[in-house]
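*Asks:* Questions regarding the structure given below will be posed in turn.
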C-alpha cells in the first residue's frame, strides 16, 4: 500500500528530473540553433536544408534527448498528480534557464529580466500552494 | 508578425497538447512500477489512448515553433514568455479537466503574467 510519503517522494523526484532536463534541453537547443545560424551565412535555408542541419547537430540531439527525458518524467507524474499541480513545478526551471543562459550561452540577462523571472517563480509557487488534487478520480 | 504567430503556437498548441497528455495519462492510471520493463510495457497502453495522439501532435507543433523562435531570439527571453501558458493552463484545467481553479490560483497566474511582462520589458 502506497503511503502519502511514497507518493510525495516519487512526485518530487520526477519533478526534479523535469526541472533539470527541461531547461537543459531548451538551452542546448538554443545553442544548437545559434550554431546553425552562424554556420549558414548567405541565403536563408530551405525546409530541407533546415531539417538536415537540425538532424546533423550533436548539440540539438542532446537537447532533444534532454527534452525527451523531461517528457517521460512529465507523463509519469501526470498519471497520478493534477495537471494544475505539476505545471507549477516548472517554476524553478525558469530560474535555471536564466542561469544556464547566463553562464553557458553567455547571454545578457538584465536585472529587470531577473526580476521578471523571480516574479514568475513567486506566482508559480502561489499556484503550487493550492490543493494539488481537485478532481475526485479513483 | 511571424514571431507573434509562433509565440501563439508555442503557448496555444503547447498547453493544449499538455492538457491532452494529462487527460490520456489519467485514463491510463497511476504508474506504480518504475522498472524499465514495466515502463516499456506501458507504452502500448498509452498509445491506445486517442488523447495522447492529439497531445503529441499539438506538442510537436509547439516544439517546431519553439525551434524557429530560438533561431532568432535569446533563450532567456523565449522560455519565460512561454510562461503565459500558465493562464491558458489554468483555463484549460478548469474547462477541459474539470479542475477547480481557485482565486488564489488565479492570483498566482497573474503574478506569472506580470513576471513575463517584466521579462519582455527588460529585454537587452
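*Asks:* Please identify, among B:22, B:68, B:88, the residue showing maximal mean-square fluctuation in a Gaussian network model of chain B using a 10 angstrom Cα cutoff.
*Replies:* Comparing B:22, B:68, B:88 in a Gaussian network model of chain B, the most mobile one is B:68.
*Asks:* If you line up the long axis of helix B:50-70 against the longest principal axis of chain B, both from Cα atoms, how many degrees apart are they, to the nearest 10?
*Replies:* It works out to around 30 degrees.
*Asks:* Quick one: helix B:85-96 against the long Cα principal axis of chain B, what's the angle to the nearest 10°, folded into 0 to 90?
*Replies:* Computed tilt is about 40 degrees.
*Asks:* Kindly identify region B:5-80 as rounded, prolate or oblate by the Cα gyration tensor criterion: order the square roots of the eigenvalues as a ≥ b ≥ c, call it rounded if a/c is under 1.5, otherwise compare a/b with b/c, prolate if a/b is larger, else oblate.
*Replies:* It is prolate, given that a/c is not under 1.5 and a/b is the larger ratio.
*Asks:* Based on the Kirkwood radius over alpha-carbon pairs, what is the Stokes-Einstein translational diffusion coefficient of the protein assembly as shown at 20 °C with 1.002 mPa s viscosity, in µm²/s?
*Replies:* The Stokes-Einstein estimate is 113 µm²/s.
*Asks:* Can you give the average number of partner chain beta-carbon atoms within 10 Å of each beta-carbon in peptide B:53-66, as a whole number?
*Replies:* Rounded to a whole number, the mean comes out at 1.
*Asks:* Still on this structure, I have one more. Would you mind checking the tilt of helix B:103-121 against the longest principal axis of the Cα atoms of chain B, expressed as 0 to 90 degrees and rounded to 10?
*Replies:* For helix B:103-121, the angle is close to 50 degrees.
*Asks:* Provide Rg and Dmax in Å for region B:53-108, with only Cα atoms included in the calculation.
*Replies:* 14.0, 38
*Asks:* Per residue of B:89-102, what is the mean number of Cβ atoms on other protein chains within 10 angstrom of that residue's Cβ?
*Replies:* Across the residues of B:89-102, the mean count of other-chain Cβ atoms within 10 Å is 4.
FYI, it's all coordinate maths here, none of it is from the lab. Remember, predicted model here, so these are calculated numbers, not experimental data. Because the Cβ atoms are built from the backbone with ideal geometry, glycine has one as well, and the counts that use them run over all protein chains shown.
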